[in-house]
Amino acid sequence: MNKKEIIQAIKTFKKALKKGSPKTVWKSSCWDIHKKRYTVDEIAARFLRRKGYNVQIDISDNTECPSYSFGYIRFYRYVRICFNQYQN
């Protein structure tokens, strides 16, 4: 993940916000104790929400039944990003 990918995602999300039509993006990422990785789309959505755009972010995970891989407990985060859903 680099800055160019994040900037490209911000530009794409801004285009969706300017159109005004509702849009939902679903992403999932690996989330363990040692490495916390956010997706590019989640970083871009959080940035736009901080700037005052109409972005809703819902996060869920699988903490009730985690997976085990090579001695590590792995959780998966599921992120739902909604644009233009709830107009104020």
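Details
- The range 26-69, subset of a type in the set (Phe, Trp, Tyr) and touching a helix residue (DSSP H, G or I) at 6+ places or on another chain (Cβ under 7 Å), residue farthest from Ala9 (Cα to Cα): Tyr53
- Residues in the range 20-72 that are of a type in the set (Phe, Trp, Tyr) and more than 22 Å from Ile6 (Cα to Cα) were compared, and the one that is farthest from the chain's Cα centre (by Cα) is Phe70.
- Selection status of Ala16, over 30 Å from Cys65 (Cβ atoms) and of a type outside the set (Ser, Thr, Tyr): yes
- Per-region count, the range 54-88, residues closer than 30 Å to Gly20 by Cα, open to solvent by 70 Å² or more (accessible area, probe 1.4 Å) and out of contact with any Lys or Arg (no Cβ under 8 Å at 6 or more places or on another chain): 4
- Residue pairs whose Cβ atoms lie under 7 Å apart, separated by 6 or more positions or on different chains, with the first residue in the range 1-24 and under 24 Å from Arg37 (Cβ atoms) and the second in a helix (DSSP H, G or I) and open to solvent by 40 Å² or more (accessible area, probe 1.4 Å), are Ile6/Ile43; Ile10/Phe47.
- Residues in the range 2-20 that are small (Gly, Ala, Ser) and either assigned to a loop (DSSP other than H, G, I, E, B) or open to solvent by 60 Å² or more (accessible area, probe 1.4 Å) (or both): Gly20 alone.
The values are calculated or read from the model by the stated rules, or taken from the named source; none is laboratory data. Computed from a predicted model, the values in this text were never measured in an experiment. Here the Cβ is made from the backbone with ideal geometry for all residues, glycine too, and neighbour counts use every protein chain on show. When the accessible area is computed, the model is the full protein with side chains, heavy atoms only, and any ligands, DNA or RNA have been set aside. Shrake-Rupley method; radii C 1.70, N 1.55, O 1.52, S 1.80 Å.
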